[in-house]
Structure formats: C-alpha cells, structure tokens
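Asker: Can you keep this structure in mind? I'll have questions shortly.
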Amino acid sequence: MKPVKWGIISTANIGMAKVIPGMLKSKELDVVAISSRDKKTAEAAAKKLGIKQAYGSYEEMLADPDIEAVYNPLPNHLHVPLTLAAVKAGKHVLCEKPIAITAKEAKKLKKVPKGIYVAEAFMVRHALQWRAVRERIEKGEIGTLRLMQVFFTYYLDDPKNVRNIAKIGGGGLLDIGCYPITVARYIFDAEPKAVTAVFDRDPKFKTDRAASGLADFGKGRQLSFAISTQTAPFQRVQIAGTKGRIEVEIPFNAPPDKPNRYFVQGMAMNEGKSYELPVSDQYQLQAEAFGRVIRKDKKAAYGIKDAIQNMKIIDAFFRSEKSRKWEEV
C-alpha cells in the first residue's frame, strides 16, 4: 500500500526511545516530521532519528498538508486537547495511553468526525506474543479461563518527571495500571463488572506509587494485579485455566531485538514448554495496523469507544480508593 505520512507531536522519551524507532523500520509508513515547543529540540531529534522536517510548534506541524497521521506522546493532560487539535486539522491520531485522565475527558473525543481515525496506543494488542497467547486460549489449550495475575513495576523518584506530577495525570494506575486492564479485556474478551483496589500514595508527589487491584469479569473470571512506580523493575503475566496456565515472560516491554517468549504448563505442576517467537517490534506492528485502517485495508479493531471504556474502568478503581469498596464499572 501507499506509505502513510506521519508527523510526531513532541520529542517525549517514549516516542524517541521506542515508538519512532519501531515506526522507522516499516516500509508501510514514512515519518516525515517531528515537532516540539522548541525548534532546536525538534531539530536535534530529527537529526538523531533521520527525520526530514523539524517544526518549532505543534500547530505548525499540524498545518502541514502532507502529513496524514500523527502520533501524540505528550503528557497525559495534553492527550485530549492535542488530539482534538490534530483532528481539527484533518489528521488521524494514534494517541499514547492513557487516552485521557478521566472518562469524562475522554468522551470529548466523540466529537471526532467520521473518516478520521483515533486510537489509543496499546502496542501489546499488536504484539506477536500476545496474539499467540490469545490464539492458544481460544483453542481451549488451557481449558476454561479462571484467573489472570499481572505484576508490573519500575523505580522512578525524579520529581520533575511527568509520571510524578499529580496535576498533569501522573501516577502508577494511569501510567502502567492501564496495561493489566487492557490485557485482561483482550484475553477474557469481556468487560469487568466491578473492581476494587488498595493504593499507596507518595507523600510528596501525591501520586499513586503503588496499587493492587481486583476486577470481576463475570463467569468466574478474575483479574488481580500489582503495579508500582517505586519498586524494583519487574513484569510478568500469569493466565490460568482449568487445564493449564500460560506465563508471558516480558509482557509489556518486549525487546524488539530478541525473541519474545512465553511458557505453557498443563496439569503437571513441574512440566511445560517454553515457546519463542520471531524477533519483532510491537511498535512497528502497531503503526502498521493503524495505517492499514487509514488505507481501508483493515477494519478498525480499537477506537474511541474502546478507549473510553478503558477510562471508565480506571475511574472505577480510583473511586474504590476513596470508598474502600467494590465499585461497578
């Protein structure tokens, strides 16, 4: 297909370190521009990544008629405003997760006109390892699903980092707690009925630096997770059914230069098999899938409605922090 021409809003680290390098591997898209509030910063980023055009403002880049789609990796409080600005300029938008800070804010995206595609950047839904795991589950390899357990932590105590600034949407649940929610919806192919959680907040930052949550997906299916922004880095996912379990080794930050691995165990406690998948880059796969929707080569599997639903679930977890009770979604 004709390559989709992309512009990048901001020189945020997630884009510079992971998303853009993945996109640049693809023949299905062409990253033609990057923007920043500072022209020199944009120029330095463009030079580092080999991008042709650098803009000293987001608005200037959005006015470029050659750009068809933009990637928005700005801090959480700017996701909706800049996505709407891009849409107004006629651009399709791949917006970094979470799509907003609250479901109420996310609902503003319902204004997006027909013909413009907006999606939340959950790269895991395009990763080969997650596709392989879901396929095994759909075939009944581990029986009837019962439990999913997710552990995702890292350590970051820099007060200037956006993840530690509460008023702009910092904190663990919005940053990484959205991943357990997303993969549980993806694997269970269902929505949670009710959720509950326990939070620990940093006394200085006021952000949630740790959270443990439970979600009831009905029919006996349960998600449990623990996430933290101030704990030694680690991540694992366990998916258990009536006939076996699957463990995903590096479920979220899967390396783009090494085989991704998962483990399948049957009914014998100490027996199972490890599987390796071909080397792939989930960020490349994500951008390609987005581009195929634009080119009408593929039907959109995820869009604004899905992103709003994710925010409703996150809102329910935050309500549970205050009520200390189960909250309906």
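The values are calculated or read from the model by the stated rules, or taken from the named source; none is laboratory data. If you're wondering where the values come from, they're calculated on a predicted model, not measured in any experiment. Ideal geometry is used to build each Cβ from the backbone, glycine not excepted, and the neighbour counts take in all protein chains shown.
Asker: Checking the structure you have, find out if any residue of region 259-270 is closer than 30 Å to Lys5 by Cβ and of a type outside the set (Lys, Arg).
Answerer: Just the residues of region 259-270 that are closer than 30 Å to Lys5 by Cβ, to begin with: 260.
Restricting the remaining residues to those that are of a type outside the set (Lys, Arg) gives 260.
Looking for residues that are closer than 30 Å to Lys5 by Cβ and of a type outside the set (Lys, Arg), one finds at least one in region 259-270, hence yes.
Asker: Name the residue, out of Phe234, Phe252, that is among the aromatic types (Phe, Trp, Tyr), modelled with pLDDT of 95 or more and either buried (at least 19 other Cβ atoms within 10 Å of the Cβ) or touching a Gly at 6+ places or on another chain (Cβ under 9 Å) (or both).
Answerer: Phe252
Asker: Restricting attention to region 78-109, which residues are over 20 Å from the mean Cα position of the chain (by Cα) and of a type in the set (Lys, Arg)?
Answerer: Lys88, Lys91
Asker: From Thr153, Thr196, Thr207, grab the single residue that is among the hydroxyl-bearing types (Ser, Thr, Tyr), buried (at least 17 other Cβ atoms within 10 Å of the Cβ) and under 23 Å from Glu249 (Cβ atoms).
Answerer: Every option except Thr153 fails the conditions.
Here is a yes/no grid of residues against (1) over 21 Å from His79 (Cα atoms); (2) of a type in the set (Phe, Trp, Tyr); (3) touching a strand residue (DSSP E or B) at 6+ places or on another chain (Cβ under 6 Å):
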| site | (1), (2), (3) |
| --- | --- |
| Leu145 | yes, no, yes |
| Ile168 | no, no, no |
| Leu173 | no, no, yes |
| Val183 | yes, no, no |
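Asker: Which fully enclosed helices (runs of 4 or more DSSP H) of region 31-117 have 3 or more residues being touching a strand residue (DSSP E or B) at 6+ places or on another chain (Cβ under 8 Å), more than 29 Å from Asp297 (Cβ to Cβ) and of a type in the set (Val, Ile, Thr)?
Answerer: Qualifying helices (runs of 4 or more DSSP H): none found.
Asker: Among (1) surrounded by 20 or more Cβ atoms within 10 Å (Cβ to Cβ); (2) assigned by TED's automatic domain parsing to the domain that holds Gln222; (3) of a type outside the set (Lys, Arg); (4) at pLDDT 95 or above, which single condition is Asn260 missing?
Answerer: All conditions are met except number (4).
Asker: Being touching a strand residue (DSSP E or B) at 6+ places or on another chain (Cβ under 7 Å) and within 23 Å of Pro75 (Cβ to Cβ) narrows it down to one residue among Arg201, Arg163; which is it?
Answerer: The match here is Arg201.
Asker: One residue is enough: does region 313-327 have a residue meeting the conditions under 19 Å from the mean Cα position of the chain (by Cα), assigned to a loop (DSSP other than H, G, I, E, B), surrounded by fewer than 19 Cβ atoms within 10 Å (Cβ to Cβ) and not β-branched (Val, Ile, Thr)?
Answerer: no
Asker: Which numbered condition in (1) touching an Asp or Glu at 6+ places or on another chain (Cβ under 7 Å); (2) over 16 Å from Phe151 (Cα atoms); (3) surrounded by fewer than 17 Cβ atoms within 10 Å (Cβ to Cβ) is the only one that Glu191 fails?
Answerer: If we test Glu191 against (1) touching an Asp or Glu at 6+ places or on another chain (Cβ under 7 Å); (2) over 16 Å from Phe151 (Cα atoms); (3) surrounded by fewer than 17 Cβ atoms within 10 Å (Cβ to Cβ), just (1) comes out false.
Asker: Here's a follow-up. Could you give every pair whose Cβ atoms fall below 6 Å, whose first residue belongs to region 1-23 and is surrounded by 15 or more Cβ atoms within 10 Å (Cβ to Cβ) and of a type in the set (A, V, I, L, M, F, W, C), and whose second residue is modelled with pLDDT under 95 and not in a loop (DSSP other than H, G, I, E, B), counting only separations of at least 6 or pairs across chains?
Answerer: Ile8/Gly15
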